[in-house]
1. Can you give me the distance in nm between label points at Lys62 and Leu80, each placed 7 Å from the Cα along the Cα-to-Cβ direction?
2. What does a probe at Tyr53 reach in the stretch 60-82, counting residues whose amide N is under 18 Å from the point 7 Å along Cα→Cβ?
3. Using DSSP to call loops (not H, G, I, E or B), can you name the trypsin sites (Lys or Arg not before Pro) in the stretch 35-82 whose Cβ has at most 14 other Cβ atoms within 10 angstrom?
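Just so it is clear, none of the values below were taken in a lab; they were calculated from the coordinates. Keep in mind it's a predicted model, so treat the numbers as computed, not measured. As a convention, Cβ positions derive from the backbone with ideal geometry for all residues, glycine included, and neighbour counts pool all protein chains shown.
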Amino acid sequence: MVLVTIPSTLSKRQGYGGYPDGDGGDYGFWYSDAGYAARYGITAGIIVLIFLYFVGGYLHAKARIRKGLQPLAYHRVSVLQH
């Protein structure tokens, strides 16, 4: 049986987080201050887009009713029927 050893130049890269001692503490971008800001910004943006989608649908349904048109089937969720 042949025992294969890793050269010291390669074993330095095998540590945790890119540090040879394995205790570097590098957790990546998403756990940095900028990463937290980006994550919360993306989450807030998605929530705002969903909110605007529903508000836009409500205003669209109200505009149809003002024109004298009957609300479409998917509008019945957002406007009250009289």
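1. So the two model labels end up 1.3 nm from each other.
2. Within reach of a label on Tyr53, which here means backbone N under 18 Å from a point 7 Å along Cα→Cβ, the stretch 60-82 contributes 60-61, 73-79.
3. Lys67, Arg76
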